Amino acid sequence: MSDRRAPLEHLPAMTFEQLLDKVRYEGAYPTRERAEEAVRLVLSGLGRQLTGEERVDLAARLPLQAARILTEQIPDTRPLTGWAFVKDLATRSGATLGATRWDTGSVLVAVAALAGPELLTRILRRLPGGYALLFGRAELVRAA
């Protein structure tokens, strides 16, 4: 009999290098190093926004090095909308909004693939509006 509260063994679907290659391909980055900069920036930002079981479950699906980047961040007390998230990352990195939006989408589409549809839906419910498009999903508007 297993204890459901015990931490699950960390068995990601891909290595950190494979994640970097996927992001490099998705973002058309010239080097793996440039893709890694984007991964570190975006996962750090996501780690400041995502809390609860969704944070834990996502970390379990990411390569160990990526999971550490995500979980080393202290969650921010003020949640940011998707657009404010991109603006915050641009400010932190000193990059343009357009370049930062590109980096964000390139990384979060790869993260979405690792998360899977069920976890991604839970993540989007936890975050403020505006993140669905960043993850490569249509933004659904709730009826009033």
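The values are calculated or read from the model by the stated rules, or taken from the named source; none is laboratory data. Model, not experiment: these values are computed from the prediction. Backbone-built Cβ (ideal geometry, glycine too); neighbour counts: all protein chains shown. Protein only, heavy atoms only, side chains kept; ligands, DNA and RNA dropped before computing areas. Shrake-Rupley method; radii C 1.70, N 1.55, O 1.52, S 1.80 Å.
Result for the chain in a Gaussian network model with C-alpha springs under 10 Å: among 114, 46, 133, the largest mean-square fluctuation is at 133. The mean of 1/r over all pairs of different alpha-carbon atoms in the range 70-144, once inverted, gives a Kirkwood hydrodynamic radius of 13.2 Å. Derived scalar couplings between HN and Hα for the range 42-47 equal 6, 5, 4, x, 5, x Hz in order, rounded to whole Hz, by the Karplus curve 6.51 cos²θ - 1.76 cosθ + 1.60 (θ = phi - 60°), x for Gly and Pro. Local charge for residue 118 was computed over the other residues whose Cβ lies under 15 Å away, with Lys and Arg +1 and Asp and Glu -1, and equals +2.
Summing Lys and Arg as +1 and Asp and Glu as -1 over all other residues whose Cβ lies under 14 Å from the Cβ of residue 78 gives a net charge of 0. Restriction of the GluC sites (Glu not before Pro) in the range 26-106 to DSSP coil positions whose beta-carbon has at most 15 other beta-carbons within 10 angstrom yields 72.
Taken one residue at a time, the phi angles of the range 83-96 give Karplus couplings (6.51, -1.76, 1.60, θ = phi - 60°) of 5, 5, 4, 4, 4, 4, 5, 4, 5, 5, 8, x, 8, 6 Hz. Gly and Pro are set to x.
Extent along the principal axes, Cα only, for the chain: 53, 44, 26 Å, with the longest axis given first.
Couplings for the range 103-119, taken from phi via the Karplus curve 6.51 cos²θ - 1.76 cosθ + 1.60 with θ = phi - 60°, read 4, 4, x, 4, 6, 5, 5, 5, 5, 4, 5, 6, 5, x, x, 5, 5 Hz in order; Gly and Pro are left as x. Largest mean-square fluctuation among 67, 28, 110, in a Gaussian network model of the chain whose springs join Cα atoms under 10 Å apart, belongs to 28. Entry comment: accessible area of the range 30-80 is 49 Å² per residue, from protein heavy atoms only and a probe of 1.4 Å. Projecting the Cα positions of 132, 110, 73 onto the charge dipole of the chain (unit charges on Cβ atoms of Lys, Arg, Asp and Glu, taken about the Cα centre) puts 132 furthest along the positive direction.
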